[in-house]
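Below is one structure, written out as structure tokens; the observations come after it.
The values are calculated or read from the model by the stated rules, or taken from the named source; none is laboratory data. Since the model is a prediction, treat every value here as computed from it, not as a measurement. Because the Cβ atoms are built from the backbone with ideal geometry, glycine has one as well, and the counts that use them run over all protein chains shown. The area values use the complete protein model at the heavy-atom level, side chains included, leaving out ligands, DNA and RNA. Shrake-Rupley method; radii C 1.70, N 1.55, O 1.52, S 1.80 Å.
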Amino acid sequence: MQLWVGLGNPGPQYAMHRHNVGFMAVDVIADMHSFGSVQKKFSGWVQEGRIGTEKIVLLKPATFMNESGRSVSEAMRFYKLDLSALTVFHDELDLAPFKVKVKMGGGIAGHNGLRSIAQHLGPDFRRIRIGIGHPGHKDRVTPYVLGNYAKSEMDDLAAMLGGISAEAEWLARGEDARFMSELALRL
């Protein structure tokens, strides 16, 4: 069993924020792979399903970004999983928009959701870094990250999220390089 976490902030006013692309990714995965209905658990929303032969639990913490670790650690304890079973989908300023990279462990690059998870569980979990680009100056980061995707970005966003979901079986199998390669070809 694996736990795949999408990071974001709860509430309709945040739904299309760049910071919520992790929520968007797990929502598309749940839809495309016919996951079960949403349940309220672990201070978040959970859906269970299969991708290929792997059982996957999707989690969207309802705790706001900077408390995500509380929700994730509750789920990890409940399912008795170690960090090798955890994958976190999150926005990444240091990647070009709509680029996707897989990374094991590492720093948090100022991301409050990653910081919270690392504080609760340690840093050695798999991350699916979803590029949102950088606004150019650090003073513009907060409004940019907490801003909605532009209308002109919607086709690229939909293609990227659909690609992540379509190639998710490679992630489920632990074939991260193949996932990135197939996704890059698709995009």
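Pairs exceeding 31 Å between alpha-carbon atoms, taken from 41/138; 80/151; 60/151: 41/138; 80/151. Checking every one of the trypsin sites (Lys or Arg not before Pro) in region 1-86 against DSSP loop status and a limit of 15 other Cβ atoms within 10 Å picks out 80. Building the convex hull from the alpha-carbon atoms of region 25-77 and averaging its projection over directions returns 3.7 nm².
Is region 128-187 rounded, prolate or oblate when judged by the Cα gyration tensor, a ≥ b ≥ c being the square roots of its eigenvalues, rounded requiring a/c under 1.5 and prolate requiring a/b larger than b/c? Prolate, because a/c is 1.5 or more and a/b exceeds b/c.
On a per residue basis, the chain carries 46 Å² of accessible surface, using protein heavy atoms and a 1.4 Å probe. The value obtained for region 69-174, namely the Cα convex hull volume divided by the number of residues, is 112 Å³ per residue. Positive end of the dipole of the chain (Cβ unit charges, origin at the Cα centre): among 52, 21, 64, the Cα lying farthest that way belongs to 64. The DSSP beta bridges internal to the chain are antiparallel in roughly 55% of cases. Evaluated with a Cβ-only charge set (Lys, Arg +1; Asp, Glu -1), the chain carries a dipole of roughly 360 debye about its Cα centre, given to the nearest 20.
Here the convex hull built on the C-alpha positions of the chain has a volume of 107 cubic angstrom per residue.
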